[in-house]
Amino acid sequence: MSVCSGTEPLVGLSRRGFLARLGLGLGSAALTHLLNRDALGTTPADRGILGHPHAAPKAKRVIYLFQAGAPSQIDLFDHKPLLKEWQGRELPASVRRGQRLTAMSGNQTSLPLVGSPYAFAQHGRSGAWLSELLPHTAELADDLCFVKTLYTEAINHGPAVTFMQTGSQFPGRPGMGAWLSYGLGSANDNLPSFVVLVTKDKGGQPLVSRLWGSGFLSSRHQGVRFRSGKDPVLYLTNPMGLNRQDRRNMLDHLKALHEIQLEKTPDPEIEARIAQYELAFRMQRSIPEVADFSSEPESVLKAYGEDVRKPGTYAANCLLARRLAERGVRFIQLYHQGWDHHGSLPKALPKQCRETDQASAALVQDLKQRGMLDDTLVVWGGEFGRTNYCQGKLTAKNFGRDHHPKCFTIWMAGGGVKPGISYGQTDDFGYNITEKGVHVHDFQATLLHLLGIDHERLNYKFQGRRFRLTDVHGRVVKDILA
């Protein structure tokens, strides 16, 4: 049993709750200190349940560029010239090996192979293969670690995205950022430790707030979604006719009511509610500053592309992610929808790449130029891969690809991973892993390791068992560590 684990409210009380229940009166004193520490000028960042990492961390923060819908690894990263030679021929049974298909292509009478219509080339000293659709990413090939053999058990979007983000295909578990907030706390008392950015006006598979929820952890650890427009965080600004001092007075009276409630019912969620109100008050000043790009040099804005000037676009969110990282936000999660290309892939995929390629590369380069890449882990990827065969009718100019969980590619940069390597190998058909497979839980264990956390020791007791991000298995992929 780990000493670095939490307990559910009905099993154990917080220290404040324990003292209050004993009637010593110290619980209220501790609460008063918590509520007034900002006014006193003593605002040390929350260190989390661990107090300090299990080991020396290579990364201090994570920026996760999640490409929702599953980008086609065959058309972007995993070069398979044999598929062009076999264009239109049936997927061999010896390659498929009886593996299950989705309902969308499982009833097809034929599964014709389709090669990528895009040219591939090797880049950098590392010789990484990249598609012509990613020219900006290709320029950074020697800074990136391509993991080509990620795999998952999930074959549909909902469970697969949930699995990547929470470690379980079933809803209700804490998101990755919530686990880090719980374990390591915050490095900035004026901003959330877990921030979520979603590209505006994008269709595709729906994204639900439980993906960045706190699950059974305290609600203070859930992700805070920033939106484009006048109010990045909903309900943060004061209503018309209410000024900052009015808000402060209201919170002071609310504190007093919560203090009474806490003395009668020592519930950690009351403490969480108090903390969230206080954070929101401080964020009224910190959020406008971090969301204001007016101080950014023209050269930086140009590097991210023209879309950076439009709030809520992927490019603007990438720059905002860098600004949040500079200010100590622990986990910054970007979501960009629209990668689910069951049909019309030759038309849709280039558009997705134009929206994301330049800004993704600019973010890595920006962090590198500022000396932040060494301790910032950047991750790019989706929830699974795409098939090597065509879903629906294959024509000379059009095709689509179905879901493929058996192998897909992500890339990582900075934060203690080896730059300029391609890890793992798939077969010549891009269908099966031939060496160095990386399960979703292996990826998650490695991410936690880079932040100095032993994935088996960061856990939380809930409903009689101890839960963790990697559930019951997972290994650190040591070969990709710098």
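The values are calculated or read from the model by the stated rules, or taken from the named source; none is laboratory data. Note that the coordinates shown come from a computational prediction; the quantities given were computed from them, not determined experimentally. Note that we place each Cβ from the backbone using ideal geometry, even for glycine, and neighbour counts take in every protein chain shown.
Within region 459-482, the set of residues being touching a residue at least 24 places away in the same chain (Cβ under 8 Å), assigned to a loop (DSSP other than H, G, I, E, B), surrounded by fewer than 20 Cβ atoms within 10 Å (Cβ to Cβ) and not hydrophobic (A, V, I, L, M, F, W, C) comprises Gln463, Asp471, His473, Arg475. Here Glu383 meets each of (1) crowded, with 24+ Cβ neighbours inside 10 Å; (2) in contact with a Leu (Cβ under 6 Å, 6 or more places away or on another chain); (3) assigned to a loop (DSSP other than H, G, I, E, B) with one exception, condition (2). Looking only at residues of region 50-99 that are in contact (Cβ under 8 Å) with a residue 40 or more places away in the chain and acidic (Asp, Glu), we find that the one that is farthest from Gly127 (Cα to Cα) is Asp75. For region 141-174, a residue qualifies if it is touching a Cys at 6+ places or on another chain (Cβ under 9 Å) and among the aromatic types (Phe, Trp, Tyr), and exactly one does: Tyr151. Within the option set Leu211, Leu217, being in contact with a Ser or Thr (Cβ under 7 Å, 6 or more places away or on another chain), modelled with pLDDT of 90 or more and more than 19 Å from Glu355 (Cα to Cα) holds for one residue only, Leu211.
Every residue, every condition in (1) of a type in the set (Val, Ile, Thr); (2) touching an Asp or Glu at 6+ places or on another chain (Cβ under 7 Å); (3) surrounded by 20 or more Cβ atoms within 10 Å (Cβ to Cβ); (4) touching a residue at least 60 places away in the same chain (Cβ under 8 Å), yes or no:
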site	(1), (2), (3), (4)
Glu298	no, no, no, no
Lys302	no, no, no, no
Val308	yes, no, yes, no
Pro311	no, no, no, yes
Arg323	no, no, no, no
Phe331	no, no, yes, yes
Leu334	no, no, yes, yes
His341	no, no, yes, yes
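Candidates Lys436, Lys418, Lys461: the one that is in contact with a helix residue (DSSP H, G or I) (Cβ under 6 Å, 6 or more places away or on another chain) and of a type in the set (Lys, Arg) is Lys418. Residues that are farther than 30 Å from Ala59 by Cα, buried (at least 20 other Cβ atoms within 10 Å of the Cβ) and in contact with a helix residue (DSSP H, G or I) (Cβ under 7 Å, 6 or more places away or on another chain) within region 397-415 comprise Phe399, Gly400, Arg401, listed in sequence order. Exactly one residue out of Ser228, Ser214, Ser116 is touching a Lys or Arg at 6+ places or on another chain (Cβ under 9 Å), within 30 Å of Ala396 (Cα to Cα) and among the polar types (S, T, N, Q): that is Ser116. None of Gly172, Gly158, Gly204, Gly241 is under 22 Å from Thr313 (Cβ atoms) and either of a type outside the set (A, V, I, L, M, F, W, C) or free of Cβ contacts under 8 Å to residues at least 12 places away in the same chain (or both) except Gly204. Somewhere in region 169-187, is a residue in contact with a Gly (Cβ under 7 Å, 6 or more places away or on another chain), part of a strand (DSSP E or B) and surrounded by fewer than 24 Cβ atoms within 10 Å (Cβ to Cβ)? Within region 169-187, not a single residue is in contact with a Gly (Cβ under 7 Å, 6 or more places away or on another chain), part of a strand (DSSP E or B) and surrounded by fewer than 24 Cβ atoms within 10 Å (Cβ to Cβ). Which of the residues spanning region 416-458 are touching a Ser or Thr at 6+ places or on another chain (Cβ under 6 Å), in a loop (DSSP other than H, G, I, E, B) and crowded, with 21+ Cβ neighbours inside 10 Å? Matches in region 416-458: Gly424, His455. Of the helices (runs of 4 or more DSSP H) lying entirely inside region 79-166, those containing at least 3 residues that are at pLDDT 95 or above and surrounded by 18 or more Cβ atoms within 10 Å (Cβ to Cβ) span 135-139, 157-166. The residues in region 234-259 that are modelled with pLDDT of 75 or more, out of contact with any helix residue (DSSP H, G or I) (no Cβ under 6 Å at 6 or more places or on another chain) and under 30 Å from Phe462 (Cβ atoms) can be counted, and the count is 2.
Taking region 188-210 as the range and being among the charged types (D, E, K, R) and either surrounded by 20 or more Cβ atoms within 10 Å (Cβ to Cβ) or closer than 26 Å to Pro53 by Cβ (or both) as the test, only Asp189 passes.
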